[in-house]
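Engineer: The structure's right below; bear with me while I get my questions together.
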Amino acid sequence: MSDSTSIINRLSLLLKERKSSPNSNSYTSQLFTEGVEKIIAKIREESEELIESAETDVVNKDSIIHEAADLLFHVMVLLAYKDIDPSKILEELEKREGVSGLEEKSKR
């Protein structure tokens with residue numbers, strides 16, 4: 001398996017390219033053109049699909065993986081739309097590493 005951050009970096013670069021040089025044949029370019037409301041709607045839709053996949057009585061890991069990847073992709077589209085580098089999200093997760101979730105939440 002390749003370094004997981006490398007796919008995030010490659011995808012981030014591709015999303016920046018699609019945003020700056022739209023391509024009418026690109027789904028991602030269409031999302032950028034339709035704007036934040038459409039991107040948020042896709043995140044909501046993909047979140048629901050992931051939840052539905054996880055709630056089934058029969059565990060289908062492939063389905064969960066597929067839906068989680070769809071959700072992560074659309075979150076990355078939102079980050080690119082808002083000019084947020086995904087490395088900032090990774091940095092935030094690193095800051096939280098080893099910190100109790102309850103402790104982190106109380107600091108907000």
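Engineer: Measure up 38/107; 82/107; 61/82; 19/107; 19/88; 16/61 against 29 Å on the Cα-Cα distance and list the ones that go over. Intermediate results must be reported in sequence, preceding the final value.
Structural biologist: Numbers: 38/107 32 Å; 82/107 25 Å; 61/82 31 Å; 19/107 35 Å; 19/88 19 Å; 16/61 31 Å.
Going by Cα-Cα distance, 38/107; 61/82; 19/107; 16/61 fall outside the 29 Å limit.
Engineer: Relative contact order for the chain: what is it in percent, counting Cα pairs under 8 Å that are at least 6 residues apart?
Structural biologist: 27
Engineer: While we're looking at this one, here's another question. Per 0.36 nm of contour for each residue apart, how much would the distance between residue 36 and residue 20 grow if the chain were fully extended, relative to their Cα-Cα spacing?
Structural biologist: On the way: separation 16, 0.36 × 16 = 5.76 nm, distance 1.56 nm.
Here the segment from residue 36 to residue 20 would lengthen by 4.2 nm.
Engineer: With each label point set 7 Å from Cα along the Cα-Cβ vector, what nm distance links residue 13 and residue 54?
Structural biologist: Result for the modelled spin labels: 3.2 nm.
Engineer: Now for a separate question. Scanning the chain for helices, which whole DSSP H stretches are 18 Å or more long along the axis (Cα) and average 0.0 or more by Kyte-Doolittle?
Structural biologist: Details: long enough: 4-20 (25 Å, -0.21); 36-55 (28 Å, -0.44); 61-81 (30 Å, 0.94).
Going by DSSP H runs, the hits are 61-81.
Coordinate-derived values only; no laboratory data. Since the structure is predicted, the reported quantities are computational estimates derived from the model, not experimental observations. Note that each Cβ is placed from the backbone with ideal geometry, even for glycine, and that neighbours are counted across all protein chains shown.
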